[in-house]
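Each reported figure results from applying straightforward, stated rules to the coordinates on display, with no laboratory input. The structure displayed is predicted, hence computed values, not measured ones. Cβ atoms come from the backbone with ideal geometry, glycine included; neighbour counts cover every protein chain shown.
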Amino acid sequence: MISADISAKAIRKLNQLKTVNTKLGRNDPCHCGSGKKYKKCHLESDAQQERAERANIVDPYKAMDAMSPAQLAVHLRKMAEFVPQENRAQAAKSVAFAELFARYEARKPEIHAAVEALQAHRQELDHFASHPAEFIDALNTLFSEETFAPLWFSAEEVEAACEQVGYSPVEEISKAQIPTLNAAIGQLVDSTRRNCLTVELFLRLPEFVAAGRFKDAWIINICATDAMQPDQGRTPLLYSLFQQGYEAWQKKRHDSLREFFQEMGLTPDTLKNCSPAQINEWIQTNYSNPESRVKIEAFLAAHPNFVSKADDSLRRTDEDVDWLLDQPDASQMALTYEDKKLLVPFVAEIEEQWMAFLKGRAPSRELSDSEREALVNFMYQATPRIAATVFTPPRTHELEAALRQYLQEKLEANQVAAARAAQSALRQLAQEPDPAKNTYLNGLCFNALRDFPRELFPEAPKADHNPSPAFQTPEPPANPAQA
């Protein structure tokens, strides 16, 4: 594109000469108007002029090859002004790289000397080879330093790339989301950017060698080499630079959220203790106020995924708690013998409702869909009142201690799913102190109620674990420790 502009005038002149020669034959009247034949008049002079014009045309590629890196950078910057608008972004990248390369060429002896000096400290590289995890930690620490800030992906770049690949930000990135983030990084890194990263790193290498930071200098050397290899894929360097932009994007989102709630009268301390469901409920309540509604609509327009993300967070927490309720090894959180004695009056109430529904007929062993639905509804209606009766503050503290012990055991055993479920249950206890409204406490009571009177509730929903023995009047366990 730029090379075509360099010799545009000369090419146009050649085309004019070709046009003249094409129109006039040797025996045609000369174009000068002398009346002579063209071969007897201007044919030879026009041919000489054409040869001279051709000799004066400089091959743009040869001309640029003859320039020094500094001259080439200046030349490209001038020529970029004539590039069509749709190509100017790419032209700007080319100019930036040319200027960067000029700086590299000017400092090449210094950089080569630093690379040579680094060879005397190869034991630092050998240490990383046998401690790869330490290498990654050191790399992330190094590239978080301010000297590398110009290389970080910006919050705006990361946001645009994530939006392009359909990624929505979350507090904790799961393994399943890594391919999507890889695609986002791929949107940000082309060959020009890889080359720029390589040069930028080599330009910084001498100062680290001079400072005696040989481990960090080896990291820079390795990353500079990897950056210019497209087949290396998403290198640790790219992940580290992307992480800086991702964290800046997250901070930008959180700051915007905090400013909105402060404007709406919700303090940061209050906001910190609110669950996503409570925040969403608070928004819906304030939505009825016309003045607040305008502010909320403006905020949601700027953050369209906010409500859906709050719902997703609540759904994930509920799923974790549901999973925990049915784990056989979580029996220490189940209702105790003393707890179950409190269920007796509620069981009698449900039995009365159930018999009224059956209108005096005996329940069959195979419940119909309508019978099953009615029975479950009676149990659900009683569950909040059971939770409020069973889980007094002292009893809730006991349950919380059991959950924390379970969490610690699962963390030590590296059982991530169980640990996350325990954390979700603890979060629900902290965010909803009312037992009647707490999902986890209601689930515990429903499980106990479901397993309580097996002959009273034929074909009731079964737990995945073994149900407790059927009884109308609870008997104490044989081993007091089981209580």
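Laid out as a table, the results:
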read-out	value
Summed side-chain charge close to Phe143 - residues other than Phe143 whose Cβ falls under 14 Å, Lys, Arg +1, Asp, Glu -1	-4
Prolate/oblate/rounded call for segment 70-166, Cα gyration tensor, a/c under 1.5 rounded	oblate
Of Lys215/Lys251; Lys251/Lys437; Lys341/Lys410; Lys251/Lys295, those spanning more than 24 Å from alpha-carbon to alpha-carbon	Lys215/Lys251; Lys251/Lys437; Lys341/Lys410
Highest average packing first - 187-195, 112-120, 381-389, 437-445, Cβ atoms within 10 Å	437-445, 381-389, 187-195, 112-120
Cut-off 15 Å between beta-carbons: net charge of the residues surrounding His121, Lys and Arg +1, Asp and Glu -1	-1
Environment charge of Trp218, counting only residues whose C-beta is closer than 15 Å and scoring Lys/Arg +1, Asp/Glu -1	-4
Prolate/oblate/rounded label for segment 155-259 (Cα gyration tensor, a/c 1.5)	prolate
Compactness index (Cα Rg / 2.2 N^0.38 Å), segment 150-216	1.45
Ratio of the Cα radius of gyration of segment 394-434 to 2.2 N^0.38 Å, where N counts its residues	1.16
Among 335-341, 176-182, 243-249, the order from most to least packed when residues are scored by Cβ within 10 Å on average	243-249, 335-341, 176-182
Principal axis dimensions, segment 371-414 - Cα atoms, whole angstrom, descending	45, 27, 7
